[in-house]
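Presented below is the structure to which this report refers.
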Amino acid sequence: MKDLSKISVVLPSLDPDEKLIAVVDGLLEYGFSDIILVNDGSKPENLHYFTDLAAQHPQIHLLHHEVNKGKGAALKNAFRWFLENRPEGFGVVTVDGDNQHHPADTRACCEHMLETGNCVLGCRDFSQPDVPPRSRFGNRTTSLVFKLFVGMTISDTQTGLRALPRQALKTLVNVYGDRFEYETNMLLAFKDNAIPFDEVKIRTVYIEENKSSHFRTFVDSWRIYKLILAHFFRYTLSSLVSAVVDTGAYSLLSALLHGLLSGFALTAAAGVGARVVSSLLNFFMNKKLVFQTKVDTKQALLRYYMLALPQMAAQVLLTQGVYALFSIGDNAGFLRTLIYTVVMVALYFVSYMIQQRWVFAPQKSK
């Protein structure tokens, strides 16, 4: 068993009951010796749990919020205190105060962090029959959205059990968000800053179907999903702007070259010219505005065109192939442009996934 003396437990709590006492007792029993307990603006009738625990256990350092500021604010406040007051500390582990994290699992996550130096997520198994339907559906949906739109595979996106080394905290303490959305932003920061993380399987415990949770289904879900989908929304806007430029350039070049070229040659020439103009515009918008990455421009540009060139070839071949099948009447120019636009929309979904996972992906920390 590894020494946990350099690990601080971060324990935020709002309006606790006896379960908070059980959480603290369990942590102390399993070898934790430094607990940062945060009262996030609890009601007066619940304050005695904090003061009693702090008086009984010298291992507890108590932080107070006079008013409720949110779980994110409580976590960041504790992270700042740790960085300023525990100079020799290796890292922290965040634990919820509702006694749904077994202290043995908390210890396992910390030991894995000490072994690897990575962030560690304690992940539950949502296939268990005792998991409340709301929690099962919410976590599975969020995991799927994370995979599709962020390119991260996380089996439990809402886990509150997270072991975080000191170096990662220096970044995470500045991540935006004061309420439940902060924990989602933390995961997004893993991706944006190439912070390595692992998963450790933990017990799946729900007490009274998680009735003590302060999570507001609609308000907090909206806060979370708009963060996850932010890249995709910006990508869509960037793509629309580029598509307008691309389609306009294609139509203009098709008209200008119509007397000189025909058939495949016309499609290819207009398509290449339009894509050169729109792709450069799209690249810089995606790098600066969509993915907001600091990856080397030359490297990203090389990867971008390693993707763009095959995509452009597919665009031209599919456009010409479909056009050859359906070209009738005197509307050849309009039909060619329409087919070109439809093909471009179909390819854009594939392009998003590849750009996010490869072209603009930050380099992994060594």
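The values are calculated or read from the model by the stated rules, or taken from the named source; none is laboratory data. Note that this is a predicted model, so its numbers are computed, not measured. Ideal geometry is used to build each Cβ from the backbone, glycine not excepted, and the neighbour counts take in all protein chains shown.
Assorted remarks:
- In the stretch 94-106, the qualifying residues are those that are among the charged types (D, E, K, R) and touching a helix residue (DSSP H, G or I) at 6+ places or on another chain (Cβ under 9 Å), and the one that is modelled with the highest pLDDT is 96.
- Subset of the stretch 127-147 that is surrounded by fewer than 17 Cβ atoms within 10 Å (Cβ to Cβ) and in contact (Cβ under 8 Å) with a residue 12 or more places away in the chain - its residue that is farthest from residue 205 (Cα to Cα): 145
- Of all residues in the stretch 249-263, those that are surrounded by 14 or more Cβ atoms within 10 Å (Cβ to Cβ) and either of a type outside the set (S, T, N, Q) or under 15 Å from residue 345 (Cβ atoms) (or both) total 5.
- So residue 164, is it under 18 Å from the mean Cα position of the chain (by Cα) and assigned to a strand (DSSP E or B): yes
- Residue in the stretch 119-142 that is over 27 Å from residue 353 (Cβ atoms), assigned to a loop (DSSP other than H, G, I, E, B) and of a type in the set (Gly, Ala, Ser) present: no
- Near pairs, Cβ below 8 angstrom, 6+ apart or cross-chain, from the stretch 73-102 (closer than 8 Å to residue 10 by Cβ) to any residue that is of a type in the set (Gly, Ala, Ser) and in a loop (DSSP other than H, G, I, E, B): 82/89; 94/160; 95/160
- Filtered residues of the stretch 28-44 (kept if over 29 Å from the mean Cα position of the chain (by Cα) and within 25 Å of residue 90 (Cα to Cα)): 28, 29, 30, 31, 32, 33, 34
- Scanning the stretch 39-62 for residues that are under 24 Å from residue 197 (Cα atoms) and surrounded by 17 or more Cβ atoms within 10 Å (Cβ to Cβ) turns up nothing.
- Selection status of residue 126, modelled with pLDDT under 90 and farther than 30 Å from residue 348 by Cα: yes
- Scanning the stretch 58-74 for residues that are hydrophobic (A, V, I, L, M, F, W, C) and in contact with a Lys or Arg (Cβ under 9 Å, 6 or more places away or on another chain) yields a single hit, 73.
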